[in-house]
Amino acid sequence: MMIICTYNWGHEDEMPKIKNRMIFLFALLMAALFWPGLAASQDATPRRFSGEYSFYSGTPGEWAVATKRDTKVNMSVGGPLALRMFQSMGAAATQSSSCVEGEEYRIRDQLMCTRDKTTGKAECYFGFDLHSGKSVLGTEC
């Protein structure tokens, strides 16, 4: 003996609607699962940037001409890269607004980024001691 169980949907035209909803929900689920991975892979694409640099010896604020025994390089970047860096440093970064009025500062270890409160433009500063390979603060406040 065979038992066949069927469900009466009420109307034959409702089955395609339910099928379309299921396809939509499946597509939405797949997009939610894979979207972060797609965004991350697009974000990792190398991009060009421009900035400024200078070689020196001593410490920021007391800079002297670079020597064979003491050579450091400080670099600064601006534009979208600096703004992204400033934002990515987040609220946990040491924050100050005491250096220049109208600018916000965020500092993490030897990286300092600033953002103009009026224009929104940002700039980041960092540096390296070329003899030790260690990072140094690339500017002074």
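Read-outs: derived from the displayed coordinates by stated rules, not from any lab. In this text, all values refer to a predicted model and were calculated from it rather than measured experimentally. Cβ placement follows ideal geometry from the backbone for every residue including glycine, while neighbour counts extend to all protein chains displayed.
Checking each residue in segment 109-120 for being exposed (fewer than 14 other Cβ atoms within 10 Å of the Cβ) and either of a type in the set (K, R) or assigned to a loop (DSSP other than H, G, I, E, B) (or both) picks out D109, K117, T118, T119, G120. Scanning segment 71-91 for residues that are over 13 Å from the mean Cα position of the chain (by Cα) and in a loop (DSSP other than H, G, I, E, B) gives T71, A91.
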